[in-house]
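Step one of this worksheet: look at the structure below.
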Amino acid sequence: MTEDRADESRAGLGVAVVSGGSRSLGRVLVERLLADGWRVATFSRTANEFVEQTAEKNPDTFHWEAVDLADPERLRAFTRSVARRFGRVDLLVNNAGVLHQELLLTTTAQRIETLIDTNLLAPILLTQACARLMVRGGGGAVVNISSINAIRGYRGVAAYAAAKAGLDGFSRSLARELGAFNIRVNSVVPGFFESDMTANVTASNRERIQHRTPLDRLGTAEEIADAVLFLASSRGGFITGQSLVIDGGITC
Ligand SMILES: NC(=O)c1ccc[n+]([C@@H]2O[C@H](COP(=O)([O-])OP(=O)(O)OC[C@H]3O[C@@H](n4cnc5c(N)ncnc54)[C@H](OP(=O)(O)O)[C@@H]3O)[C@@H](O)[C@H]2O)c1
């Protein structure tokens with residue numbers, strides 16, 4: 001069987017969990033995974049036209065629930081309903097993230113806690129629940145969406161950066177634990193890309209980012225999704241415990 005055929009057949013049976021699949025990068029991942037023949041389960045805090053239409057068009061292969069990452073019990077219930085509905089999990093993309101920009105000196109303890117809970121604790125708990133299903137199914141892949149804030153200092157994002165750096169460390173360590181179960185764990189480290197999260201970057205900041213980026217532009221969600229899908233596929237079959245930076249060169 002060629003590599004392509006192997007990917008196709010695994011995708012045909014495979015179940016992918018994508019957190020935050022209603023908009024931006026998560027939406028692109030959901031669309032592309034469904035097009036490649038995966039069954040896809042996703043959640044976000046609120047429904048939108050995209051999830052409603054996708055559920056209508058793909059009644060057997062698409063699952064969406066309203067879940068807030070900040071609620072561990074809802075996260076566990078979500079994983080249970082994915083297991084009930086699809087029976088297995090082969091791919092987890094920890095995509096959902098929350099960015100709040102403010103200097104640490106003025107950020108409330110409550111806000112810091114939420115940033116760590118949603119960007120670090122929730123992906124860890126979701127990974128634990130999905131990895132247990134992957135072990136039962138004989139293997140799988142986890143891709144954590146980090147950020148260049150994890151590897152370079154930027155003002156106003158200290159708690160977010162700490163959470164994303166934590167996610168990279170989590171990926172490396174877990175790769176060592178789960179390799180024996182045929183589960184690969186990697187992180188994708190995006191630079192700035194066009195999405196709802198970056199929609200309100202001011203024109204002058206956008207110019208500054210572009211100026212510091214060798215490729216002189218922001219990335220697209222499609223380009224970040226390319227890296228995620230590569231790591232999820234058999235083409236990335238010998239890659240685990242790594243962080244893949246996709247940033248147009250801004251950190252080089
Ligand atoms: N955009 C960038 O330039 C950039 C750069 C580096 C890294 N990243 C990372 O890339 C990932 C995707 O970013 P994006 O720009 O595509 O984000 P986005 O446009 O803000 O979309 C985030 C998605 O996650 C969901 N979500 C947010 N908070 C949630 C919560 N508390 N519980 C459940 N779902 C939640 C959102 O739906 P609801 O709002 O309805 O919940 C939405 O579907 C994130 O991890 C982000 O940190 C982004």
Quiz item: Among the numbered criteria (1) outside any helix (DSSP H, G or I); (2) in contact (Cβ under 8 Å) with a residue 12 or more places away in the chain; (3) within 24 Å of G26 (Cβ to Cβ), which single criterion is violated by R155?
Solution: (3)
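Among the residues of the range 34-46, which ones are more than 9 Å from the ligand (Cβ to nearest atom) and in contact (Cβ under 8 Å) with a residue 24 or more places away in the chain? First the steps, then the outcome.
Taking the range 34-46 as the starting set, the residues that turn out to be more than 9 Å from the ligand (Cβ to nearest atom) are 34-41.
Passing the criteria: L34, D36, G37, W38, R39, V40, A41.
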Quiz prompt | First in the range 211-233 and free of Cβ contacts under 8 Å to residues at least 40 places away in the same chain and open to solvent by 80 Å² or more (accessible area, probe 1.4 Å), second anywhere and of a type in the set (G, A, S) and within 14 Å of the ligand (Cβ to nearest atom), Cβ under 9 Å, 6 or more apart | solution = P214/G248; L215/G248; D216/G248; R217/G248
Quiz item: Across the range 41-64, what is the number of residues that are β-branched (V, I, T) and over 26 Å from F192 (Cα atoms)?
Solution: 2
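Name the single residue, out of those in the range 170-180 being over 15 Å from the mean Cα position of the chain (by Cα) and either surrounded by 15 or more Cβ atoms within 10 Å (Cβ to Cβ) or within 11 Å of the ligand (Cβ to nearest atom) (or both), that is nearest to L103 (Cα to Cα).
Step one: list which residues in the range 170-180 are over 15 Å from the mean Cα position of the chain (by Cα), which gives 172-180.
Still in the list and also either surrounded by 15 or more Cβ atoms within 10 Å (Cβ to Cβ) or within 11 Å of the ligand (Cβ to nearest atom) (or both): 172, 174-175, 178.
On the way: R172: 29, L174: 31, A175: 33, L178: 37 Å.
Restricting to residues being over 15 Å from the mean Cα position of the chain (by Cα) and either surrounded by 15 or more Cβ atoms within 10 Å (Cβ to Cβ) or within 11 Å of the ligand (Cβ to nearest atom) (or both), the top hit is R172.
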Exercise. Could you grab me the full set of residues in the range 98-130 that are within 13 Å of the ligand (Cβ to nearest atom), in contact with a helix residue (DSSP H, G or I) (Cβ under 7 Å, 6 or more places away or on another chain) and open to solvent by less than 30 Å² (accessible area, probe 1.4 Å)?
Key: L115, N119, A122, P123, L126
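Every residue, every condition in (1) closer than 27 Å to P190 by Cβ; (2) in a loop (DSSP other than H, G, I, E, B); (3) within 16 Å of the chain's Cα centre (by Cα), yes or no:
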{"residue": "E52", "(1), (2), (3)": "no, no, no"}
{"residue": "T79", "(1), (2), (3)": "yes, no, yes"}
{"residue": "A83", "(1), (2), (3)": "no, no, no"}
{"residue": "R88", "(1), (2), (3)": "no, yes, no"}
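The values are calculated or read from the model by the stated rules, or taken from the named source; none is laboratory data. Just so it is clear, the structure is predicted and the values come from calculations on it, not from any experiment. Because the Cβ atoms are built from the backbone with ideal geometry, glycine has one as well, and the counts that use them run over all protein chains shown. Only protein heavy atoms, including side chains, enter the accessible area calculation; ligands, DNA and RNA are left aside. Shrake-Rupley method; radii C 1.70, N 1.55, O 1.52, S 1.80 Å.
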